[in-house]
Amino acid sequence: MKKNSNSQTKTGQKTKPAKARGPVQQESKEVMAELVAKLSERLEQKPTEEKAAEGKPQRAPAPNRDRLTVGVDLGDQWSNYCILGLEGETLGEGQLRTTREDLAAFFKALAAARVIIEVGTHSAWVREVVVGCGHEVLVANPRLMEGTKRRKRKNDRLDANKLARLGRVDPQSLFPMEHRSTEVRQDLVVLRARDAMVSVRTQLINATRGLVKSMGARLPKCSSPSFPDKVEEALPAEVREALLPLVRLAAAVSDCIQVYDERIEQLGREKYGHSELLRQVKGVGPLTSLAYVLTLEKPDRFAKSRDVGPYLGLAPQQEDSGDSQPQLGISKTGDVMLRRLLVGSAHYILGPFGPDTDLRRYGLRLCDRGGKNAKKRAAVAVARKLAVLLHRLWISGEVYEPLRQDAPTAEAA
């Protein structure tokens, strides 16, 4: 005996008749038809957009299915490579020396291909060599790529294979980056060499002071440049012969640093005159302004000035998951030297000799909140705002107004 839709269940309750799904199906069909129409229209517009984009750099690389794909895992002495065919099949794997001659010989004999390498010590000059052989090169950013924590096996051969397959099918997952020009990299070497000399001098001074303390004496306080002159006569007699070479070596390093400072001043004045725009801010000198200009190189690469802070690693990390939103430190990505220089400028702005500016007032308000490491947090926050301000001054060419936020209030008064 058939049961109708209104028959009772075993519990005595009546079952509800099923609702008609006609209107719902009709609405879903209409939505699907609209999506198909929009997709068809988009596909028709694509050839026109491709013609209009000819001659312009392609921001997001497309999958590579009409050329060979080569993944290269660069090493200091040897590099591993993996060549994929048009269908994704592995055509060859092997090793080659990480030298200009071997790389040029290998890629000149290869048909036009897309080559994927990871950013590193050798990636800049390797890219120049491979591009000179007529290939497209993508430089992957491993810090933004998915990590290898879940991989059971990891070696250079598998890394080269992974780079090739990602570069062929999903190049955007590599987070491709662009290297600075050769000229800018050469000028950056001057700043990095000076930074290395400063580190050496600091180690020499700290070692000298520590060894003197171990003998129960102390050296007078002084600045790093004046250390050799003020300390040489203050060395204890029993260790003077042993420590005098360290003091004289610190003096020689200070002379080298002074030569670097003169060269940096000349570069900023003659070659990178726009760095003068950044020196309008008190606390930003020739070194910081030139390091900023050389590190960013092209100010128009940032859509907004606020993007400079995260680029230099001055923005907080983020690992939110559900209701968990932990407060983390800054990411510390990007150029370490420039980030350190910006934080140093921020300490000057917040210090006793810093002028009254919007940046100083902002930092002091953060300090007044108190809490653990309040001053350090304020210095990092001011450094982030300083990075944004310098970018804005660079692209706009405006005259710096230290108290811009108070200007409307003064006019109104």
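Along each principal axis of its Cα atoms, how long is region 287-413 end to end? Whole angstroms, biggest number first, please.
48, 37, 28
Which three extents, in whole angstrom, do the alpha-carbon atoms of region 201-261 cover along their principal axes, largest first?
36, 20, 18
Please identify every one of the GluC sites (Glu not before Pro) in region 216-287 that sits in a loop by DSSP and has no more than 12 other beta carbons within 10 Å of its own beta carbon.
In loop regions of region 216-287 (DSSP not H, G, I, E or B), the sparsely surrounded GluC sites (Glu not before Pro) are Glu238.
What part of the accessible area of region 150-299, given as a whole %, is carbon or sulfur when the probe is 1.4 angstrom?
Of all accessible area on region 150-299, carbon and sulfur atoms account for 52 percent.
Using the Cα centre of region 84-229 as the reference point, and only Cβ charges (+1 on K/R, -1 on D/E), how large is the resulting charge dipole? Debye, rounded to the nearest 20.
960 debye
Roughly how many Å² is the accessible area per residue of region 203-293, as a whole number, for a 1.4 Å probe?
56 Å²
Compute, for Leu393, the solvent-accessible surface of its heavy atoms (probe 1.4 Å) with the complete set of protein chains present, and express it in square angstrom to the nearest 10.
Per-residue accessible area (Leu393): approximately 10 Å².
Trypsin sites (Lys or Arg not before Pro), restricted to region 299-370: which are DSSP loop and have at most 14 other Cβ atoms within 10 Å?
In loop regions of region 299-370 (DSSP not H, G, I, E or B), the sparsely surrounded trypsin sites (Lys or Arg not before Pro) are Lys304, Lys332, Arg369.
The values are calculated or read from the model by the stated rules, or taken from the named source; none is laboratory data. Note that this is a predicted model, so its numbers are computed, not measured. Every residue, glycine as well, gets a Cβ built from its backbone with ideal geometry; the counts of neighbours run over all protein chains shown. For the accessible areas, the whole protein counts, side chains as well, though only heavy atoms, and no ligand, DNA or RNA atoms are used. Shrake-Rupley method; radii C 1.70, N 1.55, O 1.52, S 1.80 Å.
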